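Working notes, beginning with the structure itself.
The values are calculated or read from the model by the stated rules, or taken from the named source; none is laboratory data. Everything numeric in this text was worked out from a predicted model, so none of it was measured. Neighbour counts run over all protein chains shown; Cβ positions are idealised from the backbone, glycine included. The accessibility values were calculated without ligands, DNA or RNA, using every heavy atom of the protein model including side chains. Shrake-Rupley method; radii C 1.70, N 1.55, O 1.52, S 1.80 Å.
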Amino acid sequence: MKTITLFEGDGIGPEITQATLDVIQALQLPLQFEKYDIGQTAYEKCGELIPTVSIDSIKKNKVALKAPVTTPVGKGFRSVNVQLRIIFDLYANVRPAKLLPNVKSRYENIDLVVFRENTEDLYIGEETVISADEVHAIKKITRKGSERIIRSAFEYAVNNNRKKVTCVHKANILKKSDGLFLDIFNTIKEEYPQIEANDVIVDNACMQLVMRPEQFDIMVMPNLYGDILSDLTSGLIGGLGLLPSAQMNDEYAIFEAVHGSAPDIAGKGIANPTALLLSACMMLDYLGYQQEANKVRNAIIKTLANLEDCTPDLGGKSSTTHYTQKIISNL
């Protein structure tokens, strides 16, 4: 029996977590979940964003499933996600963007994966107030951090029969920091001659994703660009409510929905659990249950075929519970 740490999060988190658990439990796999609090809920209970017991659970179980947590904008506590990345050195953020059948989109045949370096760049949060009118932020790029995320992107390409890896950067301006990232990419790509490799400047990458997204397969990049571009790719497939995500290294893996906690619809029973469900599918893949993960993905596709069974954000009028039960019936 494999034990997984579970964080049901804030806002709509408990609702989409229960929906996801219902689907996973219908698979009758030897999995059990330990529920702990993080984020605003934990802070209100014990004054800590990430209690020690929550950290200890991840250390013990190595795998976690996490619903969205609330993070104030501009003030208050630092992002729980950022803290977890630092605590566990979760250097790889993997976000597959695949357009599901019957989802309304301006595009067709979207199937790409963003590999985002997760521990460096501007997200280290080192800022210095020079004066009331000037603030400096440190952008940190290291050889170690760059090598491991770039190599993981190429390894993913090899292991998943992908054909191309694109490095996204701004080395034309940031010649030393992004220049180092690009130099390392150009070195590592020589170890994978069977994989096509190219690079593109980040602003051009945004334009190309909008104009011809089908040209991309695997995209690897520093932290900030990865945050922005993965949201952009979610827009190609119908929004963040359909985008799964994993934060991981060689020892730990946290699977999560990356959309917000949506407090405005919390408790209304209309939240869309698809992103967390697809993240749970990534978790099942990781644990060796690829066949069961694909059963869930296919059940979601079957359910999306009937708009009446979908939640409002997907164009339907159904509740979270109804949508979930339809997925289970389609397993």
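Kindly sort Arg106, Arg116 by accessible area of their heavy atoms, largest first, with the probe set to 1.4 Å.
The most accessible residue leads, giving Arg106, Arg116.
Output needed for segment 262-331: three equivalent-ellipsoid semi-axes, defined as square roots of 5 times the C-alpha gyration tensor eigenvalues, in descending order, whole Å.
Semi-axis lengths for segment 262-331 are 22, 15, 8 Å.
Ignoring ligands, DNA and RNA, what percent of the 1.4 Å accessible area of segment 137-192 is carbon and sulfur?
Ligands and nucleic acids excluded, carbon and sulfur give 50 percent.
If each DSSP helix of 4+ residues adds -39,500 (n - 2.57) and the sum is divided by the residues in the chain, what number results at 222 nm, nearest 500 deg cm²/dmol?
Working: 11 runs with 131 residues, N = 331.
Value at 222 nm, helices only, nearest 500: -12500 deg cm²/dmol.
Taking the convex hull of the Cα atoms, report for segment 46-197 its projected area averaged over all directions, in nm².
About 13.5 nm², averaged over all directions.
Within segment 283-317, find all residues whose amide N lies under 20 Å from a label point positioned 7 Å from the Cα of Asp264 along Cα-to-beta-carbon.
Within reach of a label on Asp264, which here means backbone N under 20 Å from a point 7 Å along Cα→Cβ, segment 283-317 contributes 311-317.
Over segment 115-192, how many percent of alpha carbon pairs lie in each 10 Å bin up to the one with the longest distance?
Answer for segment 115-192: a P(r) of 17, 43, 26, 10, 4, 0 percent.
Tell me which GluC sites (Glu not before Pro) from segment 186-291 have a DSSP coil assignment and no more than 16 other beta carbons within 10 Å of their own.
Answer by residue number: Glu251.
Among 265-276, 81-92, what's the highest-first ranking by average C-beta atoms within 10 angstrom per residue?
Ranked from most to least packed, the peptides come out as 265-276, 81-92.
What size of dipole, in debye to the nearest 20, comes out for the chain about its Cα centre when the only charges are +1 on Lys and Arg C-beta atoms and -1 on Asp and Glu C-beta atoms?
500 debye
May I ask you to list, by number, the DSSP H helices of the chain whose Cα span along the axis is at least 15 Å and whose average Kyte-Doolittle hydropathy reaches 0.0 or more?
The answer, listed by residue number, is 13-26, 177-188, 223-236, 274-286.
So if I take the alpha carbon set of the chain, get Rg, then get Rh from the Kirkwood formula, what is the Rg over Rh ratio?
On the way: Rg = 19.7 Å, Rh = 20.5 Å.
Dividing the radius of gyration by the Kirkwood radius yields 0.96.
What list of whole percents do you get for P(r) of segment 154-293, with Cα-Cα distances grouped in 5 Å bins up to the one holding the largest distance?
2, 8, 15, 18, 20, 17, 11, 5, 3, 1, 0
Quick check of the Kirkwood formula: for segment 7-77, what is the inverse mean of 1/r over all pairs of different Cα atoms, in Å? Please list the in-between numbers first.
Details: mean 1/r = 0.0760 Å⁻¹.
By the Kirkwood definition, the hydrodynamic radius is 13.2 Å.
Round to the nearest 0.05 the FRET efficiency obtained for Glu34 and Asn249 when R0 = 25 Å and r is the Cβ-Cβ distance.
After rounding, the FRET efficiency stands at 0.75.
Cβ neighbours within 10 Å, averaged per peptide: list 146-155, 27-36, 95-104 in order, most packed at the top.
Result, highest mean first: 146-155, 95-104, 27-36.
Give the accessible surface of segment 231-304 per residue, rounded to a whole number of Å², with probe radius 1.4 Å and ligands, DNA and RNA excluded.
34 Å²
Separation between the Glu44 and Asn298 pseudo-spin-labels, each 7 Å from Cα along Cα→Cβ, expressed in nm?
4.2 nm
How far is it, in nm, from the label point at Thr128 to the one at Thr321 when both lie 7 Å from their Cα along the line to the Cβ?
5.8 nm
Peptides 198-205, 59-66: what's the order by average Cβ count within 10 Å, highest mean first?
59-66, 198-205
Expressed in nm to one decimal, what extension gain is obtained for the pair Lys175 and Asp111 from 0.36 nm per residue of sequence separation less their Cα-Cα distance? Let's see the in-between values first.
Numbers: separation 64, 0.36 × 64 = 23.04 nm, distance 3.09 nm.
Contour length minus the Cα-Cα distance gives 19.9 nm.
Ignoring solvent entirely, what values of log10 I(q)/I(0) come out of the Debye formula for segment 186-245 at 0.23, 0.25, 0.29 Å⁻¹ when each Cα is a single scatterer?
Values, matching the q order: -1.04, -1.15, -1.32.
R0 = 35 Å: FRET efficiency of Met1 with Gln208, Cβ-based, nearest 0.05?
After rounding to 0.05, the efficiency reads 0.15.
Quick one: if you stick a label point 7 Å off each Cα along the C-beta vector at Tyr286 and Gln18, how many nm between them?
2.5 nm
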